[in-house]
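The structure appears below as structure tokens.
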Amino acid sequence: MRRRITVAILGVVIGTLVLTVLGSLLLVHRAAISTAESEITTEAQAMGSLISLQPALTDSRVVAVLQRVGAFDSLAFVGLGPDGSFENLPSPLGSAVMNGPALRTGETVAGNVGNIVFVAQPLSLNARKRLTLADGLPGIDVPVLVVTRHVTSPVNGGSYFILVAGVVLLAGAVVAAALARRISAPIVRAVDATRQMAAGNLDATVPVHQREYPELAELAEAINTLGENLSRAQGLEREFLLSVSHELRTPLTSIRGYADAIADGATGDVPGAVGIIGSEARRLERLVQDLLDLARLQARQFSLHTQRIDCGALAKAVAEGFVPQADNVGVDLVATVPGAGALWADADPDRVGQVIANLIENALKFATTKVEVGAHPVGEWIALWVSDDGPGVSAQDLPHIFERHYSSDRVPGRKLGVGLGLAIVAELASAMDGVVDAQSPVDNGRGARMVLWMHRRPAPDESEDRLDDASAAMPTPALPLYPPV
């Protein structure tokens, strides 16, 4: 890569140098032609005026002197015939470049043929003078003074240009090598770090130097962040697998122990043992089902049956189903929801019910005396929340409790469920275009509240304009709610 960058930069330098030199030579050459035309035009006009006054200047010896003094290639008297032909034209001029009609009107004609610059100046001669020229130019109609001069190349210091070009190329090579190294070195380090990560070394990092280009520094920082996230995800996945393995081992051990006891006749309470086996089997079935649900949700291999649902009534119904379980653990389960038909959203009722059920189950793990299920409109959103009065969630755990494979450092609580509920909640909320949020503490430094935010919709027989009026008529919830940004 470094070689390609160096060659590319040198190619640009060489191309620029060549174009610059060629363009400069062309401009200098055109300027030299233009300057020469201007100079000999002035000289030819002056000589034409003198010859018109002094016929003796047409003598061959005088003409030779004028040619030598003026540094002309040729100085000749040319005759323009009635048919437009020219007599005695110096080489390499031809009739096509002389513009006979302009000369007949007395205009000066100037131009160039390659590096030969010429000027044709018509002469104003009386009959006597015209006869003098007629001896050498029989049949002329208009006598014309024609002078030519060869314009040499303005570039005489070729070696100087070569030296300058060599210095420029050397400087370009040094700059190209430095730039190539500065650009490629961070990329090479990034490639090396990513290869180490791919090989399993997630602790590999890309050094970030302050003098690097911002884009390359951002690339290095992004790779380092990726490595940190992969390392953290690997650790969380390991903890998750250990937790799931423990969850699987516990019911399997109970099932095997009681099954062996029944088979060996070592227990006198067979119905009780069978009941425990059934309970542990259901617990194991729930764990497997939660794992399957989480896998389907992450792969989006599930269907949603979206319809307009009453969120308040649904939350209340789900809460009532958990009342017996809450009574068994000594927790008061309270539902604080508006009346039926107040809060509507477009969602799958079974999936929303599953989210609320998982949140209630999570709250029952940590609640001390009370779990509250609530629903209330907040602007264009509906907040469905479940709060508990337990120890709360630490500030370090709060941003991560809905992440996959995450295990919290909360104070251990009751053993209800298998610990996958919040991950499933986050996946379901995202699938239904909702947002899930966690807040802690909520009351006197204790407690946690999980909130499912759903886009609010009007009742099936109402329009969108009725939403604000309905919100104003509802009581404000006891705890502050913050809609997602």
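The values are calculated or read from the model by the stated rules, or taken from the named source; none is laboratory data. These numbers come from a predicted model, not from an experiment. Counting neighbours? That spans all protein chains shown, and the Cβs are built from the backbone with ideal geometry, glycine included. Side chains included, ligands, DNA and RNA excluded: accessible areas come from the protein's heavy atoms. Shrake-Rupley method; radii C 1.70, N 1.55, O 1.52, S 1.80 Å.
How much length would be gained if the chain were fully extended between Ala263 and Arg238, taking 0.36 nm per residue of separation minus their Cα-Cα distance, in nm to one decimal?
On the way: separation 25, 0.36 × 25 = 9.00 nm, distance 3.65 nm.
Gain in length upon complete extension: 5.3 nm.
Ignoring ligands, DNA and RNA, how do His305, His376, His455 rank by accessible area with a 1.4 Å probe, largest first? Don't jump to the answer; show the numbers that get you there.
Working: His305 120, His376 25, His455 60 Å².
Result of the area sort, largest leading: His305, His455, His376.
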Original post:
Simple spin-label model, 7 Å along Cα-to-Cβ: Asp346 to His305 in nm?
Top reply: 1.9 nm
**OP:** At 1.4 Å probe size, with no ligands or nucleic acids counted, give the accessible surface of Ser60 in Å², nearest ten.
**Re:** 90 Å²
**OP:** Keeping every protein chain in place, order Asp443, Asp397 by accessible area at 1.4 Å, biggest value first, i.e. largest first.
**Re:** Asp443, Asp397
Subject >> Point-to-point label distance, Leu230-Arg282, nm (Cα→Cβ direction, 7 Å offset) >> reply: 4.5 nm
Subject >> Residue (of Leu89, Ile51, Gly79) at the positive-pole extreme of the stretch 36-91, dipole from beta-carbon charges >> reply: Ile51
Subject >> Spatial separation of Cα centroids for the stretch 326-348 and the stretch 381-400, in angstrom >> reply: 17 Å
**OP:** Could you pull out every residue, at least 5 positions away or on a different chain, whose amide H is within less than 5 Å of the one on Asp141? Hs are placed 1.01 Å off N in the peptide plane, and Pro or chain starts have none.
**Re:** Leu80, Gly81
Subject >> Rounded to the nearest 10 Å², the accessible area of Trp381 at probe 1.4 Å >> reply: 50 Å²
Original post:
Can you give the accessible area of Glu221 in Å² (nearest 10), computed on protein heavy atoms with a 1.4 Å probe?
Top reply: 100 Å²
**OP:** Using a 10 Å cut-off on Cβ atoms, rank the peptides 421-428, 331-338 from the highest mean neighbour count down.
**Re:** 421-428, 331-338
Original post:
Picking from Gly114, Val21, Leu103, whose Cα lies most toward the positive end of the charge dipole for the stretch 1-114 (charges on Cβ: Lys, Arg +1; Asp, Glu -1)?
Top reply: Val21
Subject >> Separation of the Asn112 and Asp443 label points, Cα + 7 Å toward Cβ, nm >> reply: 9.9 nm
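Once you have a ≥ b ≥ c as the square roots of the Cα gyration tensor eigenvalues for the stretch 300-353, tell me rounded if a/c is under 1.5, and otherwise prolate or oblate according to whether a/b is larger than b/c. Mind showing how you got there, number by number?
Details: a/c = 4.20, a/b = 1.52, b/c = 2.76.
Cα axes put the stretch 300-353 in the oblate bin.
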Original post:
What's the FRET efficiency of Ala8 with Arg249 using the Cβ-Cβ distance as r and R₀ = 56 Å, to the nearest 0.05?
Top reply: 0.35
